[in-house]
Structure formats: structure tokens, C-alpha cells
Amino acid sequence: MVALHIDTILLSKIAEKIGKKKKYVQEQISKRATRFSIASPAAQILWAKELGIGTGVALRSLPPHVQEQVQSALPTTFVKEKSERTKGNKYKNHPRAKAIDPISLAVDYLLTDPELKSRCSDLIKKKQHLDRAFREATTVLETRIKRLSKMKGRNPEQLVNLAINPDPAKAILIMSSEPSEQAGFHSICKGIVLAFRNRAHHDIDDNATREDALKFCAFVDVVLSFLAKAQVRATP
């Protein structure tokens with residue numbers, strides 16, 4: 001079996017964030033890995049997320065089974081870490097003690113795009129009118145495509161069709177030189193616009209749940225991370 005190593009860049013960021021030496025951080029990562037029964041790189045990602053450190057690049061470099069460990073461990077980690085922080089608090093069993101809210105904690109861990117997080121996290125944490133999170137997330141996505149492609153005056157569907165054309169040779173934002181992959185990303189963005197953006201901007205939906213809003217915003221976050229890596233074709 002190939003040995004898995006923790007990310008050295010992320011290690012330095014964690015050490016700087018908490019003001020400790022790298023050796024101490026490595027030891028703590030190992031302990032966390034043991035505590036949650038996951039690989040050390042997965043434990044490192046979870047700790048970095050807890051500290052508000054971006055983990056997108058490090059996470060994508062991990063093997064699929066380790067990425068799955070991160071996703072699977074998130075809910076358990078939220079509860080365990082929050083519970084441990086309340087140990088010794090004599091008021092923790094008081095009727096007014098604030099209950100652990102896994103959705104609010106998950107928002108802080110899963111949303112990594114700064115703009116999306118700043119505009120949607122507070123909406124997801126609320127318990128009503130969750131359709132606003134869909135509306136804001138699709139607006140962030142639309143605005144991001146406009147900025148990257150430098151296109152204005154287009155409706156959302158036209159924007160996607162022109163900026164992320166299925167043909168890499170015609171696209172302004174080239175997601176992949178492989179036509180099928182470019183077409184796939186175009187379909188994803190067009191689908192978000194047609195299935196979610198248009199409805200959210202023209203109707204009110206009180207049936208949306210916090211879980212729905214979190215999952216949708218997390219997916220948009222993934223899309224934004226891929227857009228950040230797009231090759232931008234110079235336009236006349």
C-alpha cells in the first residue's frame with residue numbers, strides 16, 4: 001500500500017494559524033486521525049477546515065478513498081469537536097445551553113469560496129425562507145462567469161452558452177481541451193441556470209429546507225472551484 005503523506009503547505013498554514021511548531025501539529029494530526037479512525041491527510045484537511053484555512057487544492061490531490069473519508073467524517077467531527085469544547089463547562093446541561101447545530105457547523109466547513117460563503121452562510125443557518133440561499137448562490141455563480149469571461153448584457157442562459165461553449169475552440173472559459181468534458185461542464189452550468197436560477201429568481205419556495213440549501217450551495221462551491229481553474233481565451 002502506498003504511504004499517504006500530509007500536505008506540507010497546509011501543515012505550515014496550520015502551524016502558523018495556531019502559533020505552534022510543525023512537529024506539534026504533526027502529532028496532533030496523528031491523534032485526530034486515530035480519534036476519528038481516518039487517514040492522517042484526511043484529519044489534516046478536517047482540522048484546516050475547522051481553522052478556516054482553504055483546503056481545496058490539498059483535498060483534490062488526495063486519493064478518492066481519502067476524500068471520501070473527509071466527507072464521511074465531517075458530521076461526526078462537527079459534533080465531537082463541539083462536544084469536547086464544552087467539556088468542563090458547568091452550564092452545558094442548562095436548559096438554555098445552546099444545542100449543537102450540525103448544519104451551521106457544516107456550512108463553515110463545506111463552503112470555501114469566500115464570496116459564496118459570505119453571502120450564503122447566514123441564509124443557510126436561518127430556519128426559514130431557505131430559497132434565498134438558492135437565489136444568492138446562483139447569483140454568485142452567474143456573476144463569477146461574467147467577471148471571468150468579461151461578458152455583459154446577456155441573459156443567464158446566453159451567458160453560459162457563450163462563455164462556456166460546449167466546443168472548447170469556441171469557448172471563452174475553457175474548462176477542458178477534451179470536448180466531452182467541456183460539454184459536460186457546460187451542461188452542468190446550464191442546468192443550474194434553467195433548473196434552479198430561473199425558478200429561484202421568479203418564485204418563492206417555502207418548501208426548501210436547510211439541508212437542501214446546504215447541499216446546493218456546496219455543489220455551487222465545487223463548480224466555482226473549477227471555474228477558478230479555467231483557461232480564459234482572450235477576446236477581441
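Bear in mind these aren't lab numbers, they're just calculated from the coordinates by the rules spelled out. All figures in this text were calculated on a predicted structure; none of them were measured in a lab. Don't worry about glycine lacking a Cβ; one is built from the backbone with ideal geometry, like all the others, and counts go over all protein chains shown.
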For the residue pair K23 and S104, what label-to-label distance in nm results when each label sits 7 Å from Cα along the Cα-to-beta-carbon direction?
-> 4.0 nm
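Helix-only mean residue ellipticity at 222 nm, the chain, DSSP H runs n ≥ 4 weighted -39,500 (n - 2.57), per residue, nearest 500. What is it?
-20000 deg cm²/dmol
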Set Lys and Arg Cβ to +1 and Asp and Glu Cβ to -1, take the dipole of the chain about its Cα centre, and tell me which of A228, I124, T34 lies farthest positive.
-> T34
Distance in Å, no decimals, from the C-alpha centre of segment 171-219 to the one of segment 1-35 is 35 Å
For helix 114-125, what angle does its Cα long axis make with the longest principal axis of the chain, in degrees from 0 to 90 and rounded to 10?
-> 70 degrees
Would you mind working out the magnitude of the charge dipole of the chain relative to its Cα centre, with +1 at each Lys and Arg C-beta and -1 at each Asp and Glu C-beta, to the nearest 20 Debye?
-> 1040 debye
A chain fully extended from R35 to H201 at 0.36 nm per residue, minus the present Cα-Cα distance, gains in nm 55.3 nm
